[in-house]
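Have a look at the structure below, then the notes.
The values are calculated or read from the model by the stated rules, or taken from the named source; none is laboratory data. These figures come from a predicted structure and were not determined experimentally. Note that each Cβ is placed from the backbone with ideal geometry, even for glycine, and that neighbours are counted across all protein chains shown. Please note that ligands, DNA and RNA were not included when accessible areas were found on the heavy atoms of the full protein model with its side chains. Shrake-Rupley method; radii C 1.70, N 1.55, O 1.52, S 1.80 Å.
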Amino acid sequence: MILQRTAAHSLSGLGALALIAGAVAGCAPTPAPTPTPTAAFASEEEAFAKAEEVYRAYIDALNAFRAGEEGPSPDKFLTGELLDSEIAASEEMEKSGTRIVGETRITKFNGTTSDIHSSVGSIEATACLDVTSARAIDDAGADVTTPGRSDLYAIQVTFVGSRSSLLVSEYEVTPGTPC
């Protein structure tokens, strides 16, 4: 009889322990849900349109800077190694007394590829630039533009970011690409 009573008490104790453990587990905070990353852009068309908008704003800022006009710094549209190399090139030109005058115009812009499904997207585009009126002038006022340079050329441009902050991360002249 004592054996039965002890077993019954043990079973009751286990039942109470299970109830207490369940109640304690019920009081434990539930883990916060992991947010699903939002895509950088809703569509490829939106990504290409934003890339073109950013690149045109960059060229406008570059032209305004060359003309000595107020406006956003062209550097605010660049990131990474491209930003670093553009700053270094500007410093070198300043040291040598060379400056660029005249405008660069975008004659064509086509989005080519995109990776827009992560929170930080990547977009590539081809842009055609007309630099007919852009010249390199030295500190004596002489035109030191490279003789025979092409006035129209294509570049492959890479952008990184999202619809709220898209920046140019690299570009490369693509000889042979028609404009």
Just wondering, is there one or more residues in region 134-149 that are over 29 Å from Glu46 (Cβ atoms), open to solvent by less than 50 Å² (accessible area, probe 1.4 Å) and assigned to a strand (DSSP E or B)? yes
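Looking only at residues in region 94-118 that are in a strand (DSSP E or B) and open to solvent by 60 Å² or more (accessible area, probe 1.4 Å), which one is modelled with the lowest pLDDT? Quick ask: steps written out before the conclusion?
As a first pass, look at region 94-118 and keep what is in a strand (DSSP E or B): 99-101, 105-115.
Narrowing further to those that are open to solvent by 60 Å² or more (accessible area, probe 1.4 Å): 99, 105, 107-108, 110, 112-113, 115.
Values: Arg99: 95, Arg105: 98, Thr107: 98, Lys108: 97, Asn110: 97, Thr112: 96, Thr113: 95, Asp115: 91.
Taking the candidates together, the pick is Asp115.
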Residues located in region 65-93, provided they are open to solvent by 90 Å² or more (accessible area, probe 1.4 Å) and touching a helix residue (DSSP H, G or I) at 6+ places or on another chain (Cβ under 7 Å): Phe65
Among residues belonging to region 42-64 that are at pLDDT below 95 and over 18 Å from Val157 (Cα atoms), point out the one that is most open to solvent (accessible area, probe 1.4 Å). Ala42
Those residues that are over 25 Å from Asp115 (Cα atoms), among the hydroxyl-bearing types (Ser, Thr, Tyr) and touching a Gly at 6+ places or on another chain (Cβ under 6 Å), I need them from region 125-175; list them, please. Ser133
Region 154-173 - residue that is of a type in the set (Ser, Thr, Tyr) and modelled with pLDDT under 95 and, of those, most open to solvent (accessible area, probe 1.4 Å): Ser164
